[in-house]
Amino acid sequence: MKYQYFIAFFLLAILTTFGQVTGKIIDVDTQEPLEYATAAIFKQANKELVTGVITDINGVFTISNLKKGTYYLEVSFLGYETKTIENIVIENSRTKKVGTLGLRIGGNELDEVVVKANRATVINKIDRQVYDAKVFQNSQGGSATDVIKNLPSVSVNGLGDISVRGTTGFVALLNGKPVQGNAATILNQLPANAVERVELITAPSAKYDPEGKGGILNIITKKGAINGTYTQVNVKGGFPSIEDYDNGEAAQRYGADITYNVRSDTWNVSLGASYQRNDVTGRREGDVYTIIGDTFTRFPSDGERSYDETNYSGRFTLDYTPDTKNEFSLGFFAGKRSKDRRADILYYDNHSITPVNGTTRDYTFQYYNENLRIRKGDFVLGSLDYKHTFTNKSKLSSSLLYEYTLLGGPTTNRNLAYPNTQVILQDEFNTNDNPLYGIRAQVDYSFVPFSFGNIETGYQYRNLDHKGDFVYERRNNTTQEFELVPEFSSQVDLTRTIHSGYVQLNGKKSKWDYAAGVRIEAMDRVLDLKDKTQTVDTTYSYNYTKLFPSASLQYSINDATKLKIAYSKRVERTASFKLNPFREREHSETLEQGDPTLRPEFIDLVELGITKKYKNGNSVYATAYYRDVKNLVNRVNQVFNDTILDRIYSNVGKAHVTGIELGTQFKATENWSNFIGGNIYNYTIDGSYDGRNVDSDATIFSVNANSTYTFNDTASLQFTVNYLSNRKTAQGEDSEFYLPNLTFRKTFLDNKLVATLQWQNMDMGLLNTNEQRITTSREGEFFTTTNYVLEVDRVILNLSYSFNKNKNRSKFIESEFGKREF
């Protein structure tokens, strides 16, 4: 018995010799938490560093596994004065709370500070992975899309569609603010030079809007920490195309943007302007056949498919902080954008055979199709934000955003005789005006922290009014007058109102981090349709009230190894163009139409992950995930007539995705660093459309690799490759797609001037870079295969000059509604 007491006493003595220190780091002036601040603990006797950690999104840190003794703590953040807390005594396993530590912006700035360290490409947290944008040099001078396509979860196909974990259904945030817009358009509008880091939130909490199958991409822009002025000018110029693909016009690639920011203790004023021209040459090769009754029609094709894209805008933001408790922010953003897609295609050897299995041609016919689709968008945005911190440290924040966007643009479609293209066989013109009005208002309240964690609650209101006036006309070859085509013309009015509220708990206990919450959302959707000739209104209504729960749990085995598990319920709301049942002509062989009765997709997400850090900044992580989708919206093709296919959006059933992400960062040598990420998943569809099964079962993988060799402090060379495997779709298959790039970066004039020379889409006539074949078919009805070949071996030079040392603290608003429909 005495022996047992001795063993118990001995074990208790061991367990009680370790303790931990916890606290929170904030900006003493704004009272805002400082994420990624550093907390390092030292032995007080000999000043030996024991360990260090970084703060989470709430500025909270915990240093565990401290032996009995006396220590001192240093907390710091870039641009702020370091604070030291001495005489921290660890006597047993209890937690030593140092409370809230306020850091003040440094008053005495050094002329230069050089810090040499292994910069972490990815930081894994309880609900997200955080990626450092500065590591991806190949993206400089481009857009945010060029940044995020390096992430293991992200892939980009030959048509420019961005996918997260195999789905294009994800939401983009800008500095944590929700943006109801097409994510690809938003990312293409944002300069890569302005991106500080990207957060992939794969299991979002109830605080976030529940939209998005693949989760959330939060784009964090660069911000400064010190008073003064900041001016940066970026200039981009593209060298002439090496391969022009016999396009009618040479591609133009150039642009410039300027940012001016002045900040004081009370005011923060930001001005910005940008202009970008980014053309892409290319061509497409196609082969299509249809079967209608006993008639077999085949129409192979070849010709130009190129893009001319122009963006220019102006931005203004004013922040006013009269005291430590209040902050006001006013913002405006206005601009124009245009993207022209030209498809000038020769359809040759177009013939019909009767019967289907016969060998005798009824006739042979060829024609030349000129198709130009212009997509424009003029927009004006305004926002007003207010934050208040109470004496008891609770916080109230509110935000109001208004947007007016005029979307639209004509499409011309002319079928000409060949080789005599002076003969016009058919001349069609369709245009649309899509004015969009959007309002978002929200209020959030954060309670005084409790012993078990922080509680937040909030309410959000959204209203979208999207009108569409679609006019399709065809020239009468006898009268030469354009006449209305009723089946392709309509008026559409979509109104969507959403009320939502949430409660969220975030906490930390010993080695456990936890978060749980629930969001309730009530959506009301009204779609009003009017035929252009009959002027008869048809109204479709849909509404729901649903709960969207979420929960995350993370366990720290030690400072280097962490396990996590998470669940989140999501929704994928339907975009306006997928609801319009009136056909829109994309080009000669394709129509596109929606379904006014489409139901939103409802998604359940589960993930399980592990992260492991090693010495010298090396790390590895793996995350297994499962996604279950109900009311799956899928695009299916069917025959419209002998030479035209109809693309239709429809709810086809269910989908299941099971996958795993893998990532590693390692240094092969002192100057050679690497980051490699991959994603492999199985995608199955179990559904039906038009009495037929729409089934698919495929295993797909992607790899994004980044390898950088640093010659010295001012010069480096980086090679990247993005690879996406073959993919089975609901009605066919997409071929593999890959993009290799090489970038040389050199700084001059004490790092004020940065030159980046990029060799994009490396091919040299040896590879099939930037090329993808898309094939669909339906037995007994049609077969179509199209090979999209876009420009390779592009050479671009980017120059960036900063006129002073201060960091950029510019903050600009982004589109909430319109970019989704652009």
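The values are calculated or read from the model by the stated rules, or taken from the named source; none is laboratory data. Quick caveat: nothing in here was measured; it's all calculated off a predicted structure. Positions of Cβ are generated from backbone atoms using ideal geometry, with glycine treated the same way; all protein chains shown enter the neighbour counts.
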Which of the residues belonging to the range 551-581 are within 18 Å of PHE602 (Cβ to Cβ) and either in contact with a Lys or Arg (Cβ under 7 Å, 6 or more places away or on another chain) or β-branched (Val, Ile, Thr) (or both)?
ARG570, VAL571, GLU572, THR574, ALA575
Any chance you could count how many residues in the range 579-595 are under 28 Å from TYR208 (Cα atoms) and assigned to a strand (DSSP E or B)?
0
Taking TYR626 as the residue in question, decide whether it is in a strand (DSSP E or B), out of contact with any Cys (no Cβ under 6 Å at 6 or more places or on another chain) and in contact (Cβ under 8 Å) with a residue 60 or more places away in the chain.
no
Among (1) assigned to a strand (DSSP E or B); (2) modelled with pLDDT under 85; (3) surrounded by fewer than 18 Cβ atoms within 10 Å (Cβ to Cβ), where does GLY335 come up short?
(3)
Quick check, is ASN693 touching a residue at least 40 places away in the same chain (Cβ under 8 Å), more than 20 Å from the chain's Cα centre (by Cα) and surrounded by fewer than 19 Cβ atoms within 10 Å (Cβ to Cβ)?
no
Six or more apart or on different chains, Cβ under 8 Å: which pairs go from a residue in the range 154-171 that's surrounded by 24 or more Cβ atoms within 10 Å (Cβ to Cβ) to one that's modelled with pLDDT under 70 and not in a strand (DSSP E or B)? Could you list them?
SER155/LYS149; PHE170/ALA183; VAL171/ALA183
Restricting to the range 461-486, what's the tally of residues that are within 28 Å of the chain's Cα centre (by Cα) and either modelled with pLDDT under 95 or outside the structural domain of LEU436 (by TED's automatic domain parsing) (or both)?
7
Are any residues in the range 296-318 modelled with pLDDT of 90 or more and in a strand (DSSP E or B), and if so, which ones?
SER301, ASP302, GLY303, GLU304, ARG305, SER306, TYR307, ASP308, GLU309, THR310, LEU318
Might you let me know whether the range 657-680 holds any residue that is farther than 30 Å from ASN618 by Cβ, at pLDDT below 90, part of a strand (DSSP E or B) and of a type in the set (Lys, Arg)?
no
The conditions are (1) touching a Phe, Trp or Tyr at 6+ places or on another chain (Cβ under 9 Å); (2) free of Cβ contacts under 8 Å to residues at least 60 places away in the same chain; (3) in a strand (DSSP E or B), and THR421 fails exactly one of them. Which is it?
(3)
Only strands (runs of 3 or more DSSP E) wholly contained in the range 706-793 count here; list those with 1 or more residues that are in contact with a His (Cβ under 8 Å, 6 or more places away or on another chain) and modelled with pLDDT under 90.
none
Breaking point among (1) on the phi > 0 side of the Ramachandran plot; (2) at pLDDT 90 or above, for GLY293
(2)
Selection over the range 46-72 where residues are free of Cβ contacts under 8 Å to residues at least 60 places away in the same chain, of a type outside the set (S, T, N, Q) and more than 16 Å from ILE85 (Cβ to Cβ) yields a count of 3
Among the residues of the range 475-514, write down those that are of a type in the set (Ser, Thr, Tyr), without any contact (Cβ under 8 Å) to a residue 40 or more places away in the chain and in a strand (DSSP E or B).
THR495, THR497
Return a yes/no flag: does the range 566-578 have any residue that is over 23 Å from the mean Cα position of the chain (by Cα) and either closer than 30 Å to ILE660 by Cβ or assigned to a strand (DSSP E or B) (or both).
no
Given the conditions (1) hydrophobic (A, V, I, L, M, F, W, C); (2) farther than 24 Å from ASP686 by Cα; (3) part of a strand (DSSP E or B), which single one is not true for LEU645?
(2)
For the range 443-460, which residues satisfy the criterion of being modelled with pLDDT of 90 or more and not in a strand (DSSP E or B)?
PHE447
Can you tell me which residue in the range 218-238 is surrounded by the fewest Cβ atoms within 10 Å (Cβ to Cβ), limited to those that are modelled with pLDDT of 75 or more and within 13 Å of the chain's Cα centre (by Cα)?
ASN218
Find the residue count for the range 413-442, including only residues that are among the hydrophobic types (A, V, I, L, M, F, W, C), buried (at least 16 other Cβ atoms within 10 Å of the Cβ), modelled with pLDDT of 90 or more and within 25 Å of the chain's Cα centre (by Cα).
1
Given the criterion surrounded by 15 or more Cβ atoms within 10 Å (Cβ to Cβ), under 18 Å from VAL571 (Cα atoms), assigned by TED's automatic domain parsing to the domain that holds PHE602 and polar (S, T, N, Q), identify the matching residue among SER489, SER552, SER500.
SER500
With the requirement that a residue be within 26 Å of the chain's Cα centre (by Cα), closer than 30 Å to ASN637 by Cα and of a type in the set (A, V, I, L, M, F, W, C), what does the range 747-787 give you?
ILE774
Does GLU521 qualify as being within 28 Å of the chain's Cα centre (by Cα) and either over 25 Å from GLY382 (Cβ atoms) or not β-branched (Val, Ile, Thr) (or both)?
yes
